[in-house]
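Reading through the C-alpha coordinates given below for one structure.
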Amino acid sequence: MRTLVRYFRLLQVQVRSSVLLGMQYRADFLIDGAVSLFWTATALVPLIVVFHGRPGVAGWSFPEALVVVGWFTLLEAILEGAISPSLTAVVEHIRKGTLDFVLLKPADAQFLVSTARFEPWRSTNLLTALAIWTVAFVRLGRWPPPLGLLAALVLLGSATLLLYSLWILTVSAAFYVVKVDNLTNLFNSVFDAARWPVQVFRGVLRWVFTLVIPLALMTTYPAEAMLGRLSPLALVGSVVGACAFAWLSRRVWLGSLARYASASS
Amino acid sequence: MSARSTVRALPTLMRVGFAEAIAYRAEMLVWVLSTTMPLIMLALWSAVAADAPVGRFDQKDFVGYFLATFIVRQLTGAWLAWQLSFEVRTGTLAMRLLRPLHPMVSYGVENLAALPLRLVVALPVAILALLLVGSRALPRSPALWAVWALAILGGWLITFLANGIIGCLALWTGSSIKVMDVWLVAFMVFSGYLVPVELFPGAMRTVVAWLPFRYQIGFPVEVMTSAYDLPGALVMLARQWAFVLALFLLLQLVWRRGLRRFAAYGG
(Lines give C-alpha, C1' and ligand atoms only; values in the text may rest on other atoms or scores of the structure.)
Protein backbone atom coordinates (compact mmCIF):
# COMPACT_ATOMS: atom_id res chain seq x y z
CA MET A 1 0.00 0.00 0.00
CA ARG A 2 2.79 2.39 0.87
CA THR A 3 4.48 1.73 -2.45
CA LEU A 4 1.19 2.47 -4.18
CA VAL A 5 0.91 5.84 -2.43
CA ARG A 6 4.52 6.58 -3.27
CA TYR A 7 4.01 5.82 -6.94
CA PHE A 8 0.85 7.87 -6.99
CA ARG A 9 2.73 10.87 -5.64
CA LEU A 10 5.50 10.25 -8.15
CA LEU A 11 2.90 10.29 -10.92
CA GLN A 12 1.57 13.61 -9.62
CA VAL A 13 5.04 15.14 -9.74
CA GLN A 14 5.65 13.88 -13.26
CA VAL A 15 2.30 15.12 -14.56
CA ARG A 16 2.80 18.51 -12.93
CA SER A 17 6.19 19.01 -14.54
CA SER A 18 4.78 18.01 -17.95
CA VAL A 19 1.88 20.42 -17.59
CA LEU A 20 4.22 23.23 -16.57
CA LEU A 21 6.38 22.45 -19.56
CA GLY A 22 3.33 22.41 -21.80
CA MET A 23 2.20 25.79 -20.50
CA GLN A 24 5.39 27.31 -21.85
CA TYR A 25 4.30 26.47 -25.34
CA ARG A 26 0.78 27.83 -25.33
CA ALA A 27 0.94 28.62 -29.04
CA ASP A 28 1.24 24.87 -29.59
CA PHE A 29 -2.30 24.59 -28.36
CA LEU A 30 -3.58 26.45 -31.40
CA ILE A 31 -1.22 24.76 -33.84
CA ASP A 32 -1.93 21.30 -32.48
CA GLY A 33 -5.64 21.98 -32.43
CA ALA A 34 -5.65 23.20 -36.01
CA VAL A 35 -3.44 20.36 -37.21
CA SER A 36 -5.59 17.78 -35.48
CA LEU A 37 -8.81 19.23 -36.91
CA PHE A 38 -7.28 19.18 -40.39
CA TRP A 39 -6.01 15.65 -39.81
CA THR A 40 -9.39 14.36 -38.69
CA ALA A 41 -11.31 16.08 -41.46
CA THR A 42 -8.91 14.84 -44.14
CA ALA A 43 -8.80 11.37 -42.70
CA LEU A 44 -12.57 11.18 -43.13
CA VAL A 45 -12.24 11.51 -46.91
CA PRO A 46 -11.49 7.82 -47.63
CA LEU A 47 -14.40 6.84 -45.37
CA ILE A 48 -16.75 9.16 -47.24
CA VAL A 49 -15.54 7.83 -50.59
CA VAL A 50 -15.94 4.21 -49.53
CA PHE A 51 -19.48 4.76 -48.28
CA HIS A 52 -20.40 7.12 -51.13
CA GLY A 53 -23.58 5.81 -52.77
CA ARG A 54 -23.55 2.58 -50.76
CA PRO A 55 -25.90 1.76 -47.88
CA GLY A 56 -23.24 -0.13 -45.98
CA VAL A 57 -19.99 -2.06 -46.07
CA ALA A 58 -19.54 -5.40 -44.28
CA GLY A 59 -22.63 -4.77 -42.14
CA TRP A 60 -21.63 -1.23 -41.12
CA SER A 61 -23.60 1.81 -42.18
CA PHE A 62 -21.87 5.19 -42.53
CA PRO A 63 -22.88 6.61 -39.11
CA GLU A 64 -21.93 3.34 -37.43
CA ALA A 65 -18.50 3.47 -39.05
CA LEU A 66 -18.26 7.06 -37.79
CA VAL A 67 -18.56 5.75 -34.23
CA VAL A 68 -15.47 3.60 -34.92
CA VAL A 69 -13.66 6.68 -36.26
CA GLY A 70 -14.62 8.50 -33.06
CA TRP A 71 -12.96 5.77 -31.00
CA PHE A 72 -9.95 5.88 -33.26
CA THR A 73 -9.65 9.65 -32.71
CA LEU A 74 -10.01 9.25 -28.95
CA LEU A 75 -7.34 6.56 -28.75
CA GLU A 76 -5.08 8.59 -30.98
CA ALA A 77 -5.45 11.47 -28.52
CA ILE A 78 -4.46 9.16 -25.67
CA LEU A 79 -1.59 7.76 -27.69
CA GLU A 80 -0.19 11.12 -28.70
CA GLY A 81 -0.93 12.92 -25.47
CA ALA A 82 0.04 10.38 -22.85
CA ILE A 83 1.83 7.40 -24.35
CA SER A 84 4.10 8.16 -27.27
CA PRO A 85 5.81 11.36 -25.96
CA SER A 86 7.33 9.47 -23.02
CA LEU A 87 8.19 6.40 -24.95
CA THR A 88 9.79 8.26 -27.83
CA ALA A 89 12.08 9.71 -25.19
CA VAL A 90 13.06 6.18 -24.11
CA VAL A 91 14.30 5.47 -27.60
CA GLU A 92 16.55 8.54 -27.35
CA HIS A 93 17.73 7.38 -23.91
CA ILE A 94 18.70 3.98 -25.26
CA ARG A 95 20.53 5.44 -28.24
CA LYS A 96 22.54 7.87 -26.16
CA GLY A 97 23.03 5.64 -23.15
CA THR A 98 21.32 8.12 -20.81
CA LEU A 99 18.89 5.42 -19.75
CA ASP A 100 21.49 4.81 -17.03
CA PHE A 101 20.20 7.81 -15.12
CA VAL A 102 16.67 6.42 -15.15
CA LEU A 103 17.79 2.96 -14.10
CA LEU A 104 19.72 4.38 -11.15
CA LYS A 105 16.64 6.00 -9.64
CA PRO A 106 14.98 4.09 -6.80
CA ALA A 107 11.71 3.42 -8.62
CA ASP A 108 10.50 1.04 -11.30
CA ALA A 109 12.13 1.99 -14.62
CA GLN A 110 9.08 1.18 -16.72
CA PHE A 111 6.94 3.42 -14.54
CA LEU A 112 9.44 6.26 -14.70
CA VAL A 113 9.90 6.19 -18.45
CA SER A 114 6.18 5.77 -19.16
CA THR A 115 5.18 8.80 -17.13
CA ALA A 116 8.08 11.04 -18.09
CA ARG A 117 6.19 13.26 -20.47
CA PHE A 118 2.61 14.18 -21.21
CA GLU A 119 1.45 16.61 -23.86
CA PRO A 120 -1.64 18.31 -22.46
CA TRP A 121 -2.45 20.14 -25.70
CA ARG A 122 -3.16 16.92 -27.48
CA SER A 123 -6.33 16.64 -25.43
CA THR A 124 -8.06 18.82 -28.04
CA ASN A 125 -8.55 15.57 -29.90
CA LEU A 126 -10.93 14.43 -27.17
CA LEU A 127 -13.32 17.19 -28.24
CA THR A 128 -12.99 16.09 -31.86
CA ALA A 129 -13.93 12.54 -30.85
CA LEU A 130 -16.98 13.81 -28.96
CA ALA A 131 -18.03 15.87 -31.99
CA ILE A 132 -17.73 12.84 -34.28
CA TRP A 133 -19.85 10.71 -31.95
CA THR A 134 -22.48 13.42 -31.72
CA VAL A 135 -22.74 13.62 -35.50
CA ALA A 136 -22.85 9.82 -35.76
CA PHE A 137 -25.62 9.35 -33.20
CA VAL A 138 -27.67 12.27 -34.49
CA ARG A 139 -27.57 10.66 -37.94
CA LEU A 140 -28.50 7.31 -36.42
CA GLY A 141 -31.41 9.00 -34.67
CA ARG A 142 -30.87 7.21 -31.34
CA TRP A 143 -28.57 7.40 -28.36
CA PRO A 144 -26.28 4.71 -26.94
CA PRO A 145 -27.94 2.52 -24.27
CA PRO A 146 -26.70 3.15 -20.69
CA LEU A 147 -25.40 -0.41 -20.31
CA GLY A 148 -23.58 -0.10 -23.61
CA LEU A 149 -21.96 3.12 -22.43
CA LEU A 150 -20.80 1.38 -19.27
CA ALA A 151 -19.28 -1.46 -21.32
CA ALA A 152 -17.67 1.15 -23.58
CA LEU A 153 -16.06 2.78 -20.54
CA VAL A 154 -14.63 -0.55 -19.41
CA LEU A 155 -13.35 -1.10 -22.94
CA LEU A 156 -11.77 2.36 -22.94
CA GLY A 157 -9.67 1.18 -20.02
CA SER A 158 -8.68 -2.09 -21.68
CA ALA A 159 -8.03 -0.36 -25.01
CA THR A 160 -5.68 2.12 -23.34
CA LEU A 161 -3.90 -0.73 -21.61
CA LEU A 162 -3.55 -2.56 -24.94
CA LEU A 163 -2.24 0.50 -26.72
CA TYR A 164 0.27 1.10 -23.97
CA SER A 165 1.41 -2.54 -23.98
CA LEU A 166 1.84 -2.52 -27.75
CA TRP A 167 3.95 0.61 -27.41
CA ILE A 168 6.10 -0.99 -24.72
CA LEU A 169 6.63 -3.96 -27.05
CA THR A 170 7.65 -1.58 -29.86
CA VAL A 171 9.99 0.33 -27.60
CA SER A 172 11.55 -2.91 -26.38
CA ALA A 173 12.61 -3.46 -29.97
CA ALA A 174 14.77 -0.34 -29.59
CA PHE A 175 17.11 -2.35 -27.40
CA TYR A 176 17.82 -4.56 -30.40
CA VAL A 177 17.53 -2.19 -33.38
CA VAL A 178 19.10 1.01 -32.19
CA LYS A 179 17.67 3.60 -34.55
CA VAL A 180 14.01 3.38 -34.03
CA ASP A 181 12.41 6.57 -35.43
CA ASN A 182 11.08 4.32 -38.10
CA LEU A 183 9.56 1.91 -35.60
CA THR A 184 7.27 4.62 -34.29
CA ASN A 185 6.29 5.30 -37.88
CA LEU A 186 5.56 1.64 -38.36
CA PHE A 187 3.44 1.58 -35.23
CA ASN A 188 1.43 4.58 -36.39
CA SER A 189 0.82 3.19 -39.83
CA VAL A 190 -0.36 -0.14 -38.46
CA PHE A 191 -2.54 1.62 -35.91
CA ASP A 192 -4.10 3.55 -38.78
CA ALA A 193 -5.93 0.40 -39.82
CA ALA A 194 -7.96 0.70 -36.61
CA ARG A 195 -9.87 3.48 -38.34
CA TRP A 196 -11.95 0.82 -40.08
CA PRO A 197 -14.38 -1.66 -38.50
CA VAL A 198 -12.55 -4.97 -38.33
CA GLN A 199 -15.35 -6.75 -40.22
CA VAL A 200 -14.28 -5.12 -43.49
CA PHE A 201 -11.11 -7.21 -43.40
CA ARG A 202 -11.32 -10.83 -44.47
CA GLY A 203 -9.46 -13.99 -43.62
CA VAL A 204 -5.99 -13.81 -42.15
CA LEU A 205 -5.96 -10.05 -41.78
CA ARG A 206 -9.02 -10.12 -39.53
CA TRP A 207 -7.40 -12.72 -37.28
CA VAL A 208 -4.24 -10.67 -37.12
CA PHE A 209 -6.15 -7.51 -36.20
CA THR A 210 -8.17 -9.32 -33.55
CA LEU A 211 -5.60 -11.56 -31.87
CA VAL A 212 -2.04 -10.60 -32.83
CA ILE A 213 -2.26 -6.81 -33.16
CA PRO A 214 -5.61 -6.41 -31.41
CA LEU A 215 -6.87 -3.32 -33.21
CA ALA A 216 -10.41 -4.71 -33.14
CA LEU A 217 -10.41 -4.67 -29.36
CA MET A 218 -9.42 -1.01 -29.38
CA THR A 219 -11.92 0.57 -31.76
CA THR A 220 -14.43 -1.90 -33.21
CA TYR A 221 -15.54 -3.52 -29.94
CA PRO A 222 -15.98 -0.26 -28.02
CA ALA A 223 -17.97 1.11 -30.96
CA GLU A 224 -20.14 -2.00 -30.96
CA ALA A 225 -20.65 -1.59 -27.23
CA MET A 226 -21.80 1.99 -27.80
CA LEU A 227 -24.17 0.80 -30.50
CA GLY A 228 -25.47 -1.74 -27.98
CA ARG A 229 -24.61 -4.87 -29.92
CA LEU A 230 -21.44 -6.20 -28.32
CA SER A 231 -21.75 -9.71 -26.89
CA PRO A 232 -20.79 -10.08 -23.18
CA LEU A 233 -18.30 -12.75 -24.23
CA ALA A 234 -16.41 -10.27 -26.41
CA LEU A 235 -16.37 -7.81 -23.51
CA VAL A 236 -14.85 -10.33 -21.11
CA GLY A 237 -12.47 -11.52 -23.82
CA SER A 238 -11.26 -7.97 -24.42
CA VAL A 239 -10.50 -7.35 -20.77
CA VAL A 240 -8.72 -10.68 -20.36
CA GLY A 241 -6.84 -10.13 -23.61
CA ALA A 242 -5.71 -6.67 -22.53
CA CYS A 243 -4.41 -8.04 -19.22
CA ALA A 244 -2.58 -10.83 -21.04
CA PHE A 245 -0.98 -8.30 -23.37
CA ALA A 246 0.07 -6.11 -20.47
CA TRP A 247 1.66 -9.10 -18.76
CA LEU A 248 3.46 -10.11 -21.95
CA SER A 249 4.78 -6.62 -22.61
CA ARG A 250 6.07 -6.39 -19.02
CA ARG A 251 7.96 -9.69 -19.50
CA VAL A 252 9.42 -8.53 -22.81
CA TRP A 253 10.40 -5.15 -21.34
CA LEU A 254 12.24 -6.78 -18.45
CA GLY A 255 13.93 -9.21 -20.83
CA SER A 256 15.07 -6.40 -23.13
CA LEU A 257 16.25 -4.30 -20.21
CA ALA A 258 18.54 -7.16 -19.21
CA ARG A 259 20.21 -6.76 -22.60
CA TYR A 260 20.78 -3.04 -22.20
CA ALA A 261 24.50 -2.36 -22.51
CA SER A 262 24.63 1.40 -21.82
CA ALA A 263 26.02 3.09 -24.92
CA SER A 264 27.74 5.87 -23.00
CA SER A 265 29.93 3.94 -20.60
CA MET B 1 30.90 24.13 -58.26
CA SER B 2 31.28 23.55 -61.99
CA ALA B 3 29.05 21.10 -63.80
CA ARG B 4 32.06 18.96 -64.72
CA SER B 5 33.28 18.41 -61.18
CA THR B 6 29.70 17.64 -60.13
CA VAL B 7 29.39 14.96 -62.80
CA ARG B 8 32.76 13.54 -61.82
CA ALA B 9 31.66 13.28 -58.21
CA LEU B 10 28.45 11.43 -59.04
CA PRO B 11 29.75 7.82 -59.19
CA THR B 12 31.49 8.19 -55.83
CA LEU B 13 28.42 9.77 -54.27
CA MET B 14 26.32 6.91 -55.63
CA ARG B 15 28.68 4.35 -54.10
CA VAL B 16 28.64 6.11 -50.74
CA GLY B 17 24.86 6.39 -50.81
CA PHE B 18 24.49 2.74 -51.72
CA ALA B 19 26.85 1.67 -48.95
CA GLU B 20 24.81 3.77 -46.54
CA ALA B 21 21.60 2.13 -47.71
CA ILE B 22 23.16 -1.28 -47.12
CA ALA B 23 24.39 -0.26 -43.68
CA TYR B 24 20.92 0.85 -42.61
CA ARG B 25 19.09 -2.06 -44.20
CA ALA B 26 17.16 -2.95 -41.04
CA GLU B 27 15.86 0.59 -40.94
CA MET B 28 14.79 0.37 -44.53
CA LEU B 29 12.98 -2.88 -43.87
CA VAL B 30 11.01 -1.19 -41.11
CA TRP B 31 10.25 1.68 -43.48
CA VAL B 32 9.03 -0.76 -46.11
CA LEU B 33 6.80 -2.42 -43.52
CA SER B 34 5.38 0.97 -42.62
CA THR B 35 4.39 1.55 -46.24
CA THR B 36 2.15 -1.49 -46.35
CA MET B 37 -0.92 0.73 -46.06
CA PRO B 38 -1.88 0.02 -49.71
CA LEU B 39 -2.17 -3.67 -48.81
CA ILE B 40 -4.61 -2.85 -46.02
CA MET B 41 -6.58 -0.63 -48.39
CA LEU B 42 -6.45 -3.48 -50.87
CA ALA B 43 -8.18 -5.77 -48.37
CA LEU B 44 -10.70 -3.05 -47.62
CA TRP B 45 -11.55 -2.21 -51.21
CA SER B 46 -11.80 -5.87 -52.24
CA ALA B 47 -14.41 -6.30 -49.52
CA VAL B 48 -16.29 -3.31 -50.88
CA ALA B 49 -16.05 -4.61 -54.44
CA ALA B 50 -17.04 -8.15 -53.47
CA ASP B 51 -20.74 -7.54 -54.17
CA ALA B 52 -20.52 -5.17 -57.11
CA PRO B 53 -17.71 -3.37 -58.94
CA VAL B 54 -16.91 0.18 -57.83
CA GLY B 55 -16.77 2.48 -60.83
CA ARG B 56 -14.62 0.62 -63.36
CA PHE B 57 -12.85 -1.31 -60.60
CA ASP B 58 -13.65 -4.94 -59.84
CA GLN B 59 -11.71 -6.93 -57.24
CA LYS B 60 -8.91 -7.75 -59.67
CA ASP B 61 -8.50 -4.13 -60.65
CA PHE B 62 -8.12 -3.18 -57.02
CA VAL B 63 -5.44 -5.84 -56.57
CA GLY B 64 -3.56 -4.46 -59.57
CA TYR B 65 -4.04 -0.87 -58.46
CA PHE B 66 -2.87 -1.23 -54.88
CA LEU B 67 0.08 -3.52 -55.63
CA ALA B 68 1.17 -0.92 -58.18
CA THR B 69 0.69 1.75 -55.50
CA PHE B 70 3.01 -0.15 -53.20
CA ILE B 71 5.65 -0.43 -55.94
CA VAL B 72 5.42 3.23 -56.94
CA ARG B 73 5.74 4.33 -53.30
CA GLN B 74 8.93 2.27 -52.97
CA LEU B 75 10.40 3.83 -56.09
CA THR B 76 9.44 7.45 -55.42
CA GLY B 77 10.29 7.67 -51.71
CA ALA B 78 12.30 10.63 -50.39
CA TRP B 79 13.11 11.70 -46.87
CA LEU B 80 14.85 15.01 -47.46
CA ALA B 81 12.51 17.05 -45.22
CA TRP B 82 13.51 15.13 -42.07
CA GLN B 83 17.16 15.10 -43.08
CA LEU B 84 17.28 18.80 -43.85
CA SER B 85 15.33 19.74 -40.75
CA PHE B 86 17.74 17.68 -38.65
CA GLU B 87 20.87 19.06 -40.30
CA VAL B 88 19.68 22.65 -39.95
CA ARG B 89 18.89 22.16 -36.27
CA THR B 90 22.19 20.49 -35.45
CA GLY B 91 24.24 22.74 -37.72
CA THR B 92 25.70 19.83 -39.71
CA LEU B 93 24.41 21.46 -42.87
CA ALA B 94 27.52 23.68 -42.62
CA MET B 95 29.67 20.68 -43.57
CA ARG B 96 27.74 20.15 -46.75
CA LEU B 97 27.96 23.82 -47.66
CA LEU B 98 31.75 23.64 -47.51
CA ARG B 99 31.96 20.92 -50.13
CA PRO B 100 32.45 21.98 -53.76
CA LEU B 101 29.09 20.48 -54.67
CA HIS B 102 25.56 21.81 -54.41
CA PRO B 103 24.01 20.25 -51.27
CA MET B 104 20.79 19.47 -53.15
CA VAL B 105 22.78 17.35 -55.61
CA SER B 106 24.36 15.35 -52.81
CA TYR B 107 20.98 14.88 -51.11
CA GLY B 108 19.40 13.82 -54.38
CA VAL B 109 22.10 11.29 -55.18
CA GLU B 110 21.90 9.88 -51.64
CA ASN B 111 18.17 9.36 -52.10
CA LEU B 112 18.57 7.79 -55.52
CA ALA B 113 21.35 5.48 -54.36
CA ALA B 114 18.88 3.62 -52.14
CA LEU B 115 16.90 2.72 -55.24
CA PRO B 116 18.56 -0.64 -56.05
CA LEU B 117 17.70 -1.89 -52.57
CA ARG B 118 14.13 -0.68 -52.96
CA LEU B 119 13.87 -2.47 -56.29
CA VAL B 120 14.66 -5.68 -54.45
CA VAL B 121 11.51 -5.08 -52.41
CA ALA B 122 9.40 -3.87 -55.32
CA LEU B 123 10.22 -6.63 -57.81
CA PRO B 124 8.61 -9.56 -55.96
CA VAL B 125 5.47 -7.48 -55.51
CA ALA B 126 5.45 -6.73 -59.24
CA ILE B 127 5.77 -10.42 -60.02
CA LEU B 128 2.97 -11.19 -57.58
CA ALA B 129 0.78 -8.57 -59.28
CA LEU B 130 1.55 -10.10 -62.65
CA LEU B 131 0.57 -13.55 -61.39
CA LEU B 132 -2.66 -12.35 -59.78
CA VAL B 133 -3.88 -9.87 -62.33
CA GLY B 134 -2.18 -10.93 -65.55
CA SER B 135 -0.97 -8.51 -68.20
CA ARG B 136 -3.35 -5.81 -67.00
CA ALA B 137 -0.84 -5.11 -64.21
CA LEU B 138 1.72 -3.61 -66.58
CA PRO B 139 1.75 -0.91 -69.30
CA ARG B 140 0.54 -2.22 -72.64
CA SER B 141 2.93 -0.71 -75.18
CA PRO B 142 6.59 0.34 -75.31
CA ALA B 143 5.47 3.96 -75.58
CA LEU B 144 3.45 3.62 -72.37
CA TRP B 145 6.45 1.99 -70.69
CA ALA B 146 8.46 5.08 -71.57
CA VAL B 147 5.72 7.33 -70.20
CA TRP B 148 5.68 5.19 -67.07
CA ALA B 149 9.42 5.59 -66.53
CA LEU B 150 9.11 9.36 -66.94
CA ALA B 151 6.11 9.39 -64.63
CA ILE B 152 8.07 7.56 -61.93
CA LEU B 153 10.95 10.00 -62.33
CA GLY B 154 8.53 12.93 -62.19
CA GLY B 155 6.82 11.45 -59.14
CA TRP B 156 10.13 11.07 -57.37
CA LEU B 157 11.14 14.62 -58.32
CA ILE B 158 7.89 16.07 -56.95
CA THR B 159 8.35 14.14 -53.70
CA PHE B 160 11.99 15.14 -53.43
CA LEU B 161 11.48 18.82 -54.28
CA ALA B 162 8.47 19.20 -52.00
CA ASN B 163 10.48 17.55 -49.22
CA GLY B 164 13.26 20.01 -49.95
CA ILE B 165 10.97 23.04 -49.80
CA ILE B 166 9.44 21.93 -46.52
CA GLY B 167 12.88 21.03 -45.15
CA CYS B 168 14.11 24.54 -46.03
CA LEU B 169 11.35 26.02 -43.88
CA ALA B 170 13.44 24.78 -40.95
CA LEU B 171 15.86 27.58 -41.81
CA TRP B 172 13.20 30.00 -40.59
CA THR B 173 11.43 28.02 -37.89
CA GLY B 174 14.11 25.69 -36.53
CA SER B 175 12.08 22.61 -37.28
CA SER B 176 9.62 21.81 -40.02
CA ILE B 177 8.59 18.33 -38.97
CA LYS B 178 5.09 19.51 -38.10
CA VAL B 179 4.58 21.03 -41.53
CA MET B 180 5.80 17.76 -43.01
CA ASP B 181 3.23 15.86 -40.97
CA VAL B 182 0.45 17.98 -42.42
CA TRP B 183 1.85 17.52 -45.92
CA LEU B 184 2.00 13.75 -45.40
CA VAL B 185 -1.64 13.54 -44.34
CA ALA B 186 -2.72 15.46 -47.42
CA PHE B 187 -0.41 13.32 -49.53
CA MET B 188 -1.87 10.04 -48.23
CA VAL B 189 -5.44 11.09 -48.87
CA PHE B 190 -5.20 13.01 -52.14
CA SER B 191 -2.46 11.11 -53.97
CA GLY B 192 -4.46 8.01 -54.75
CA TYR B 193 -2.50 6.14 -52.11
CA LEU B 194 -5.58 5.13 -50.11
CA VAL B 195 -8.34 5.77 -52.60
CA PRO B 196 -8.01 5.77 -56.40
CA VAL B 197 -8.48 9.36 -57.53
CA GLU B 198 -11.14 8.25 -60.01
CA LEU B 199 -13.41 7.24 -57.16
CA PHE B 200 -13.52 10.67 -55.54
CA PRO B 201 -16.85 12.47 -55.94
CA GLY B 202 -16.90 14.97 -58.85
CA ALA B 203 -16.04 18.29 -57.19
CA MET B 204 -13.30 16.76 -55.08
CA ARG B 205 -11.71 15.20 -58.15
CA THR B 206 -11.36 18.66 -59.72
CA VAL B 207 -9.60 19.93 -56.60
CA VAL B 208 -7.29 16.91 -56.53
CA ALA B 209 -6.30 17.45 -60.17
CA TRP B 210 -4.89 20.85 -59.20
CA LEU B 211 -2.86 19.54 -56.25
CA PRO B 212 0.61 18.03 -56.72
CA PHE B 213 -0.16 14.88 -54.73
CA ARG B 214 -1.82 12.75 -57.37
CA TYR B 215 1.17 13.18 -59.66
CA GLN B 216 3.35 11.58 -56.99
CA ILE B 217 1.54 8.26 -56.77
CA GLY B 218 -1.77 8.19 -58.59
CA PHE B 219 -0.57 9.09 -62.05
CA PRO B 220 2.32 6.58 -62.32
CA VAL B 221 0.02 3.90 -60.89
CA GLU B 222 -2.68 4.69 -63.43
CA VAL B 223 -0.17 4.50 -66.28
CA MET B 224 1.01 1.18 -64.90
CA THR B 225 -2.50 -0.24 -64.77
CA SER B 226 -3.34 1.12 -68.23
CA ALA B 227 -5.98 3.65 -67.25
CA TYR B 228 -4.90 5.96 -70.09
CA ASP B 229 -4.34 5.68 -73.80
CA LEU B 230 -1.18 7.33 -75.08
CA PRO B 231 -2.55 10.87 -75.75
CA GLY B 232 -4.27 10.96 -72.35
CA ALA B 233 -1.11 9.79 -70.63
CA LEU B 234 0.97 12.44 -72.39
CA VAL B 235 -1.37 15.23 -71.27
CA MET B 236 -1.07 14.03 -67.68
CA LEU B 237 2.69 13.74 -68.05
CA ALA B 238 2.87 17.36 -69.19
CA ARG B 239 0.90 18.44 -66.13
CA GLN B 240 3.14 16.39 -63.87
CA TRP B 241 6.29 17.95 -65.25
CA ALA B 242 4.74 21.40 -64.95
CA PHE B 243 4.51 20.68 -61.22
CA VAL B 244 8.12 19.47 -61.24
CA LEU B 245 9.23 22.74 -62.83
CA ALA B 246 7.17 24.90 -60.47
CA LEU B 247 8.47 23.09 -57.40
CA PHE B 248 12.03 23.28 -58.72
CA LEU B 249 11.80 27.07 -59.06
CA LEU B 250 10.19 27.37 -55.64
CA LEU B 251 12.92 25.28 -54.05
CA GLN B 252 15.58 27.51 -55.63
CA LEU B 253 13.91 30.56 -54.18
CA VAL B 254 13.39 29.10 -50.69
CA TRP B 255 16.90 27.67 -50.58
CA ARG B 256 18.59 30.96 -51.55
CA ARG B 257 16.48 33.06 -49.18
CA GLY B 258 16.70 30.59 -46.34
CA LEU B 259 20.41 30.02 -46.52
CA ARG B 260 21.05 33.66 -45.69
CA ARG B 261 19.48 32.99 -42.32
CA PHE B 262 21.51 29.86 -41.65
CA ALA B 263 23.65 30.28 -38.55
CA ALA B 264 25.12 26.77 -38.16
CA TYR B 265 24.21 26.35 -34.49
CA GLY B 266 26.48 23.85 -32.86
CA GLY B 267 28.23 23.23 -36.18
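The values are calculated or read from the model by the stated rules, or taken from the named source; none is laboratory data. Source: prediction; values computed, not measured. Backbone-built Cβ (ideal geometry, glycine too); neighbour counts: all protein chains shown.
Points to keep in mind about this one:
- Test: B:Arg25 is away from chain A (no Cβ under 13 Å) and surrounded by fewer than 20 Cβ atoms within 10 Å (Cβ to Cβ): no
- Flag if A:Thr88 is within 14 Å of chain B (Cβ to nearest Cβ), under 23 Å from A:Tyr221 (Cβ atoms) and in a helix (DSSP H, G or I): no
- Looking at segment B:173-267, the helices (runs of 4 or more DSSP H) lying wholly inside it that each contain 1 or more residues that are more than 24 Å from B:Leu138 (Cβ to Cβ) sit at B:177-190, B:202-209, B:230-259.
- Number of positions in segment B:28-37 that are surrounded by 16 or more Cβ atoms within 10 Å (Cβ to Cβ) and over 17 Å from the mean Cα position of the chain (by Cα): 1
- When B:Val121, B:Val195 are checked against the criterion of being of a type in the set (Val, Ile, Thr), within 14 Å of chain A (Cβ to nearest Cβ) and in contact (Cβ under 8 Å) with a residue 24 or more places away in the chain, a single residue qualifies: B:Val195.
- In segment A:193-206, the residues that are surrounded by 15 or more Cβ atoms within 10 Å (Cβ to Cβ) and either within 7 Å of chain B (Cβ to nearest Cβ) or in contact with a Lys or Arg (Cβ under 7 Å, 6 or more places away or on another chain) (or both): A:Ala193, A:Trp196, A:Val198, A:Val200, A:Phe201, A:Leu205
Quick grid of which residues meet (1) under 24 Å from A:Ala246 (Cβ atoms); (2) of a type in the set (Lys, Arg); (3) modelled with pLDDT of 80 or more:
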| residue | (1), (2), (3) |
| --- | --- |
| A:Trp121 | no, no, no |
| A:Asn125 | yes, no, no |
| A:Val135 | no, no, yes |
| A:Leu150 | yes, no, yes |
| A:Val154 | yes, no, yes |
| A:Leu162 | yes, no, yes |
| A:Leu169 | yes, no, yes |
| A:Asp181 | no, no, no |
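- You will find that of B:Asp58, B:Asp51, the residue that is within 14 Å of another protein chain (Cβ to nearest Cβ) and surrounded by fewer than 17 Cβ atoms within 10 Å (Cβ to Cβ) is B:Asp51 and no other.
- Take the conditions (1) surrounded by fewer than 20 Cβ atoms within 10 Å (Cβ to Cβ); (2) modelled with pLDDT under 80; (3) away from chain B (no Cβ under 14 Å); A:Ser231 misses just one of them, which is (2).
- Restricting segment A:35-60 to residues that are free of Cβ contacts under 8 Å to residues at least 40 places away in the same chain and in a loop (DSSP other than H, G, I, E, B), the residue that is nearest to A:Met218 (Cα to Cα) is A:Gly56.
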